[in-house]
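My questions all concern the structure below.
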Amino acid sequence: MNRTRRLRKNENIRRLVRENRVTVDDLIYPIFIEEGNQIESEIESMPGINRYSLDTISKELDEVVALKIPAVLLFGIPASKDDEGSNTWDDNGIVQQAIRFIKKNYPGLYVISDICFCEYTNHGHCGVIHDNDVDNDATLINLAKQSLSHAKAGADMLAPSGMLDGAIITMREALDHAGYYDLPIMGYSVKFASAFYGPFRDAADSTPTFGDRRTYQMDPPNRDEAHREAFYDDQEGADILMVKPALSYLDIIRDLKDQFDKPIACYNVSGEYSMIKAASMQDWIDEKRVMMESLTSMKRAGADIIITYFAKDVAKLLNNE
Ligand code: PBG
């Protein structure tokens, strides 16, 4: 008889044959930075996650560094918004200030900046609006300006999240031309128009005031198209390919891992985080086990890197084991 149970007898042997594990080295922690003073406001739909202003953020960053989390992903919330999101390419914009602050005070922390417009536009869309839709090529011009400004501020990596056609090549050319040929780009290569982003939009004040994002983000049922999106980003020079969200798209993560010879990241998004937090607050599930089981499933699917609001919780758990 085939006896697969022999290798499950106790925890020692299970540890020896375990195929996938999440480590702190895999994690990127998203941080929300709001323009202003003395801000530390909990995001109601994301228990444990706060928005900070620059004068209160050190507490959070001290913890991230102490927990040995390698990288943070920055999202800015500006004091004022406009049509085009011009704060994104202002060298004194909120994210630029944050990048300079972190690189100066926490030089060992790797800083990735989200490159997008939706938190900065008064309509909440990810670019310039013409005829009630995001104008792709008009937005690319601003995307290049934003990228250069973040590069100048000292970001270690840029991550464009707007799902515009040609974003990667536009950024790569602008960066190379200005001498930033060593600055990597992580493409939000396969980003779906997902309802799982709900809590993030509360967090970042980025809900569109009209319409939705379906003309630029991908249609959730599509798998072949995901390959196409990743293929273009790969060709255009993305250094890392990302799938977002993670849990409902594990098949896509596996596809990309098998099909592309580049590191694959996934974004364990706000809704995935909030569901686990909410259920565990009711004592309906065991939070730590469900957290680890979900994150491990992303590794098993093929993710090399996981962007997650659980990063600190995971690091605390693993450091205490
Ligand atoms: C901005 C952006 C979004 C997220 C990351 N970058 C929201 C969106 O596309 O509406 C979602 C992150 C999350 O839900 O955790 N383009």
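The values are calculated or read from the model by the stated rules, or taken from the named source; none is laboratory data. Being a predicted model, the structure only gives us computed values, none of them experimental. Quick reminder, even Gly has a Cβ in these numbers, built from the backbone with ideal geometry, and neighbours come from all protein chains shown. Only protein heavy atoms, including side chains, enter the accessible area calculation; ligands, DNA and RNA are left aside. Shrake-Rupley method; radii C 1.70, N 1.55, O 1.52, S 1.80 Å.
Could you check the range 223-254 and list, in sequence order, the residues that are open to solvent by less than 80 Å² (accessible area, probe 1.4 Å), of a type in the set (D, E, K, R) and assigned to a loop (DSSP other than H, G, I, E, B)?
Passing the criteria: only Asp239.
Answer with yes or no whether Tyr180 is in contact with a Lys or Arg (Cβ under 9 Å, 6 or more places away or on another chain), over 21 Å from Asn132 (Cβ atoms) and open to solvent by 40 Å² or more (accessible area, probe 1.4 Å).
Details: in contact with a Lys or Arg (Cβ under 9 Å, 6 or more places away or on another chain): yes; over 21 Å from Asn132 (Cβ atoms): yes; open to solvent by 40 Å² or more (accessible area, probe 1.4 Å): yes.
The answer is yes for Tyr180.
Kindly provide the set of residues from the range 194-222 that are of a type in the set (D, E, K, R), over 25 Å from Ile141 (Cβ atoms) and either more than 8 Å from the ligand (Cβ to nearest atom) or surrounded by fewer than 13 Cβ atoms within 10 Å (Cβ to Cβ) (or both), ordered by number.
Asp202, Asp219, listed by residue number.
Could you list all residues from the range 40-62 that are open to solvent by 60 Å² or more (accessible area, probe 1.4 Å) and part of a helix (DSSP H, G or I)?
Lys59, Asp62, listed by residue number.
Same structure, new question: Within the range 256-310, track down each residue that is open to solvent by 10 Å² or more (accessible area, probe 1.4 Å), touching a residue at least 24 places away in the same chain (Cβ under 8 Å), assigned to a loop (DSSP other than H, G, I, E, B) and of a type in the set (A, V, I, L, M, F, W, C).
The one that is open to solvent by 10 Å² or more (accessible area, probe 1.4 Å), touching a residue at least 24 places away in the same chain (Cβ under 8 Å), assigned to a loop (DSSP other than H, G, I, E, B) and of a type in the set (A, V, I, L, M, F, W, C): Phe260.
Answer yes or no as to whether Ile69 is outside any helix (DSSP H, G or I), of a type in the set (A, V, I, L, M), closer than 18 Å to Leu295 by Cα and touching a residue at least 60 places away in the same chain (Cβ under 8 Å).
Here the answer is yes, as Ile69 does meet what is asked.
Table: residues versus (1) away from the ligand (no atom under 15 Å from the Cβ); (2) in contact with a helix residue (DSSP H, G or I) (Cβ under 9 Å, 6 or more places away or on another chain).
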{"position": "Pro184", "(1), (2)": "yes, no"}
{"position": "Phe192", "(1), (2)": "no, yes"}
{"position": "His227", "(1), (2)": "yes, yes"}
{"position": "Ile252", "(1), (2)": "yes, yes"}
